[in-house]
Amino acid sequence: MDGSSKPVRVTIFNQNYSLLASGEPGAVEELALSVDDIMHRISDETGTLDGTRTAVLACLHLADQVRTLQRDLERMKGAFENKARQFTIRIDEALEDA
């Protein structure tokens, strides 16, 4: 363990894990709580207590969220680049008129 890593104990889907946090331990605990919540909701909705199946479904759920956020980010980047081009054109026009 290097000097910047801190041990963190978390519980996810009734399983205890000892992890090393490279940043704030609270951030890791928050992520673990989020994963635990997702897994329990999936288990409740599907009626399965199989941890592996529930973990795979949770991974699919999180992967879908990541993909959605990536698409949103790409749309925002495109809109930003479009606005930047528009502003550049307007600035160029204003400088030409000056």
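Worth pointing out:
- Residues in segment 31-68 that are of a type outside the set (Ser, Thr, Tyr), within 19 Å of Gln15 (Cα to Cα) and either touching a Leu at 6+ places or on another chain (Cβ under 6 Å) or loosely packed, with under 11 Cβ neighbours inside 10 Å (or both): Ile42, Asp44, Gly47, Leu49.
Okay, residues lined up against (1) assigned to a helix (DSSP H, G or I); (2) touching a residue at least 40 places away in the same chain (Cβ under 8 Å); (3) charged (D, E, K, R):
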| position | (1), (2), (3) |
| --- | --- |
| Val8 | no, no, no |
| Leu20 | no, no, no |
| Ala27 | yes, no, no |
| His40 | yes, no, no |
| Glu45 | yes, no, yes |
| Leu49 | no, no, no |
| Ala55 | yes, yes, no |
| Leu62 | yes, no, no |
| Gln65 | yes, no, no |
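- Residues within segment 10-30 that are more than 15 Å from Ala58 (Cα to Cα) and surrounded by 15 or more Cβ atoms within 10 Å (Cβ to Cβ), tallied: 6
Laboratory data are not the source of any read-out in this text; all were calculated from the coordinates shown. Here the structure is a predicted model, which means the values were calculated and not measured. Heads up, the Cβs are rebuilt from the backbone with ideal geometry, glycines too, and the neighbour counts pull from every protein chain shown.
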